[in-house]
1. Picking from 224, 206, 36, whose Cα lies most toward the positive end of the charge dipole for the chain (charges on Cβ: Lys, Arg +1; Asp, Glu -1)?
2. Any chance you could check the Cα centroid distance between the range 284-338 and the range 366-388 for me, in angstrom?
3. Starting with the highest mean, order 117-128, 78-89, 53-64 by the number of other Cβ atoms within 10 Å, averaged over the residues of each peptide.
4. Roughly what % of DSSP beta bridges within the range 1-128 run antiparallel, to the nearest 5?
5. For the chain, give the magnitude of the charge dipole about the Cα centre (Cβ charges: +1 Lys/Arg, -1 Asp/Glu; no others), in debye to the nearest 20.
6. Figure the gain on full extension for residue 293 and residue 391 (residue separation times 0.36 nm, minus the Cα-Cα span) and round it to one decimal in nm.
7. Below 8 Å, C-alpha to C-alpha, sequence gap of six or more: please give me the relative contact order for the chain in percent.
8. Using +1 on the beta carbon of Lys and Arg, -1 on that of Asp and Glu, and nothing else charged, what's the dipole of the range 1-81 about the Cα centre, debye to 20?
Amino acid sequence: MIINDTIAAISSGNINQAISIIRISGPDAVEIIKKIYNGKIGEDKTITYGQIIDNISGKAIDEVLVNFFIGTKNYVGEDTIEINAHGGIVVTNKILDLILANGARLAERGEFTKRAFLNGRLTLEKAEAINGLIHAKTNIQAEIAISQFDSHDQEVIQDLENQMLAIMATIETNIDYSEYYDIPQIDNKKLQKEVEIFIEKLDEIIKKSELAQDIYQGIKVAIVGKPNVGKSSLLNALLDKPKAIVTNIAGTTRDVIEAEFTLNGLLFQLVDTAGIRKTKERIENIGIKRTKQAIKEAKIIIHLRTAKEKEDEEYRLIKKLAKNKVYLSVISKIDLVKDRTKFKDIIISAKKGYLWELRSALVDAYSKVDLDDKKIIYNERQLSLLKKCRLNLEEASKGLKKDFGPEVVIVDLTKAWENLREILNKEHDNEALLDKIFSKFCLGK
């Protein structure tokens, strides 16, 4: 792809630091540096020393080291120059302004990596993994991002595509060459079984991938319960700092309060919610609606209750909203209870710092996830396409149950196949299907 303009940006972050890096990339990168740099213009993969000079006033701005990456065999895939300057914000921005004044434009967010993708230096998946690595907040998240530099997930999808091709090739051959007895026959019953087996394989991958993605992106945890049950106190205790306002007045929390903390290498994204109860107070009702939305989005629900709380309408509502999620029933303020042995629930005291049972439960919810499993897909875009593939197969299964023939349901199977090919960044043409048919069956009769 031909890119006609040259871009520049501060790559090391616009903060005071020991060293800052200003990157220039594009066809005019070398010409721009010649105008503002009095050191030697280097060849590919060389570093030279000199000064950045304001070519209008003639004044020196900084002493720098300049890295030259000339040609296409570099990260961006085009002429790229990196200026290593002293890391003050003022000096760094002066150099950037000078580069922009001499013909470059300010790069957009992620544009260097976007160019690397467009220039064929990176796959889209690796580009997304690099972004994940940059934004990783835990060692586990960083390790997951690095693991995506390999293509094991592509191998999993390729295997699924081959299996789908085999099914489709058999159907196509039955349709076009039904008069030949030596061709494997397929009827609704046999095809239904093959589709169901395929759906089971997808379900296994999707389930594992969703759990692993929670760890990769941060596990969302909603703290819910009635007003004044101790939700805000629990949030503060888990964070070990006063993030939420705590009072003995019911309904203090009117909106969701979000915060993060790390436990055993896992990043948890906590949401302290407004207490669910019947109220005519308009603002509190808005908070309660947001609580319900927070429950919907969360992966783990901490349902906080007092020892005396009964299973009323609000209790049942929370249980209903938490269906199909990790549900933790937690008794709060246990320091006020004499007999603690009668509870099967998790017990805590935010006031006394008694939280080990809850912390263990949070970690246990994801302790069985094997992050090295080759069937896990961390890329959100790919997983979305895999879910579309599953929906296509579900439609095919419904059609077969309604006694639609293979020649009808192959439309849904083709859509499923196309979604698999999109994950693999392949064209949606029929050549691969034809190749499969002709390689598998002898049709020259």
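The values are calculated or read from the model by the stated rules, or taken from the named source; none is laboratory data. Please read all numbers here as calculations on a predicted model, not as lab measurements. Here Cβ is always computed from backbone atoms with ideal geometry, including for glycine, and neighbour counts include all displayed protein chains. Please note that ligands, DNA and RNA were not included when accessible areas were found on the heavy atoms of the full protein model with its side chains. Shrake-Rupley method; radii C 1.70, N 1.55, O 1.52, S 1.80 Å.
1. 224
2. 29
3. Numbers: 117-128: 17.0, 78-89: 20.1, 53-64: 13.6.
Top to bottom by mean Cβ count within 10 Å: 78-89, 117-128, 53-64.
4. Details: 25 of 27 bridges.
Looking only at bridges with both residues in the range 1-128, the antiparallel portion is about 95 percent.
5. Details: 68 positive and 67 negative charges, 589 e Å.
Dipole of the chain, to the nearest 20 debye: 2820 debye.
6. Numbers: separation 98, 0.36 × 98 = 35.28 nm, distance 2.50 nm.
Contour length minus the Cα-Cα distance gives 32.8 nm.
7. Details: 733 pairs, mean separation 59.3, N = 445.
Across the chain, relative contact order equals 13 percent.
8. 140
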